[in-house]
């Protein structure tokens, strides 16, 4: 598991599965669109943007969106999707690590970090990613963070754990993906340990969610 869970391993995994992964990620999550409803801003950020399925709804509510992902191939899928859906001119895509965001401090009005921190290799890097959100959020900025939870129906455990979950390509080849699966208390503890201000956390569809804001 050590190689799969490394930053290089995660990047190589998503470079490998990018095209097929993108085809299976067509729609934004309802929790994300609910969070974005009624919000407006100048600059949005999608951390771990994947194929851009959440960058599109974010682009409808901000003047410009920055999408960051560790995988260059996945960013290519996001670029194609933005072109097809008509928001390419307002989307800047950057290859980068969620724990070291290539974004200036105090600039982001609305941020998303959806199904991203659970791919980071250890607790210190996951909290560092949350701290990076706190750094880049502008005063009054808001963010939604999510991770997979032990409440997902594929798991039988009640406390957080590390695992690999296979992605099956069309040729039946399996590619292992590293996850840290959170329990609710652990997710809350990591948010609290970060520089973010936590408005609320909740569970939905097998995921932990946190609505957070810039430090005061």
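See the values below:
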quantity	calculated
Number of the exception - residue 145 against (1) more than 26 Å from residue 61 (Cβ to Cβ); (2) touching a helix residue (DSSP H, G or I) at 6+ places or on another chain (Cβ under 9 Å)	(1)
Residue among 152, 118 that is under 22 Å from residue 53 (Cβ atoms) and part of a helix (DSSP H, G or I)	118
Selection count, region 5-19, where residues are surrounded by fewer than 16 Cβ atoms within 10 Å (Cβ to Cβ) and in contact (Cβ under 8 Å) with a residue 60 or more places away in the chain	1
Residue 149 being within 27 Å of residue 183 (Cα to Cα) and free of Cβ contacts under 8 Å to residues at least 12 places away in the same chain	no
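Bear in mind that the values in this text are calculations on the coordinates, not laboratory data. The structure displayed is predicted, hence computed values, not measured ones. Glycine gets a Cβ as well: all are built from the backbone with ideal geometry, and neighbour counts include every protein chain shown.
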